[in-house]
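What follows is calculated from the coordinates using simple rules that are stated; it is not laboratory data. Please read all numbers here as calculations on a predicted model, not as lab measurements. Every residue, glycine among them, receives a Cβ derived from its backbone with ideal geometry; neighbour counts consider all protein chains shown.
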Amino acid sequence: MKIEDAKNKFLEYLEKELNYSKMTIVDYESDLNIYHNFLKGSNLDYLKVDKKDIMNYLKFLDNLKYSNKSISRNLSALRSFYNYLVEVKLLEENIFRRIRNPKLEKKLPNFLNEAEVSQVLDKMEEENPDEIRNKCIFELLYSTGLRVSELSDITLNNLDMNEYTIRVKGKGSKERIVYFGDFAACLLEKYLSVRNTYLKKGDIPYLFVNKVGGKLSRQSIEAIIQKVSLTSGLNHNFSPHTLRHTFATHLLDEGADLRSVQELLGHENLNTTEIYTHVSNERLRSVYLECHPNKKR
């Protein structure tokens, strides 16, 4: 079987059998395409690669200036792909199981403090539908911790304005409920009152709509937040993922337990959520060093 055919069958398997999200499948496809280009340039058969070939592939990724995190993701995709090849009897062994992921640098996530969040919101106008929509998007990302793709996929039926909840379909098509407060509810009411100005050919199910009456894409939301960041007056930039980090950090700072934050973020593994405890610990340390009278003794 040609690698193109095997790749397509694998991606179909991820979608139909494992219910992977569209974004995850797109990422896997991108990683497999890079691997395919390497094999083609090196005149290698994907069913006959050995450990030396894989080491050369890792050097290839390193030469492309891939970070350790990106290389790890690429290896995870290939490990899954070769697991599939074993399962469908094209191979007897998954050689990628012998390959360790590179060590990841433990970087604490960036986040905004409460004063910075307030500054951004205070600077955002509400004089036209675009400004109302964009301010609502910023507040929802901060107050719910949603991923951009999850925000883009929200439908009107997912939104409960009485209970202040949103039903979200996250990674692996797993559903969860997220919550928002009075301020977000107020902005949502304002946005819903002007949402019809975006509709061109009848209503669509999605909550956030673009200027031609279609679903507001993940890329468009990222561009909106990038523009908000550049005009915020802050001395550093932020992204939608920064707001997700901010959501988690502020909850833990205010006493939320780690398991609840894990559920709200939609993390499958508690270890993924634990990085935010390090952020909170660093803040506690800085407060101590700044405020305790015996800090220099």
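Details
- Projecting the Cα positions of I137, G202, A248 onto the charge dipole of the chain (unit charges on Cβ atoms of Lys, Arg, Asp and Glu, taken about the Cα centre) puts A248 furthest along the positive direction.
- Each label point was placed 7 Å from the Cα along the Cα-to-Cβ direction; for N113 and L64 their separation is 4.0 nm.
- Look at Y28, Y164 and count the other Cβ atoms within 10 Å of each Cβ; fewest to most, that gives Y164, Y28.
- The distance linking the range 59-121 with the range 32-54 is 18 Å (Cα centroid to Cα centroid, whole angstrom).
- Fewest-first ranking of I34, I166, using other Cβ atoms within 10 Å as the exposure measure: I34, I166
- Over the chain, relative contact order from alpha-carbon pairs under 8 Å, at least 6 apart, %: 17 percent
- Sequence-separation-based contact order of the range 114-289, relative, with Cα cut under 8 Å and 6+ spacing, percent: 24 percent
- Neighbour-count ranking [beta-carbon atoms within 10 angstrom, fewest first] of L146, L188: L188, L146
- For the range 3-98, the alpha-carbon coordinates run over 35, 28, 23 Å along the three principal axes, in decreasing order.
- Estimated [θ] at 222 nm from DSSP helical runs (n ≥ 4, -39500 (n - 2.57)) normalised by residues in the chain, nearest 500: -18000 deg cm²/dmol
- Given +1 at the Cβ of Lys and Arg, -1 at the Cβ of Asp and Glu and no other charges, the dipole of the range 114-289 around its Cα centre is 760 debye to the nearest 20.
- Protection proxy ranking of 228-236, 5-13 - average other beta-carbon atoms within 10 Å, highest first: 5-13, 228-236
- With 0.36 nm allotted per residue and the present C-alpha distance subtracted, the D50-R97 stretch has 15.7 nm of extension available.
- If R0 equals 51 Å, the separation of the Cβ atoms of V88 and N237 corresponds to a calculated FRET efficiency of about 0.70.
- Theoretical gain in end-to-end length, E126 to M161 [0.36 nm per residue, Cα-Cα removed]: 10.6 nm
- Contact order normalised by residue count of the range 184-262, Cα under 8 Å, 6+ apart, percent: 14 percent
- For the chain, the convex hull drawn through the C-alpha positions has a volume of 188 cubic angstrom per residue.
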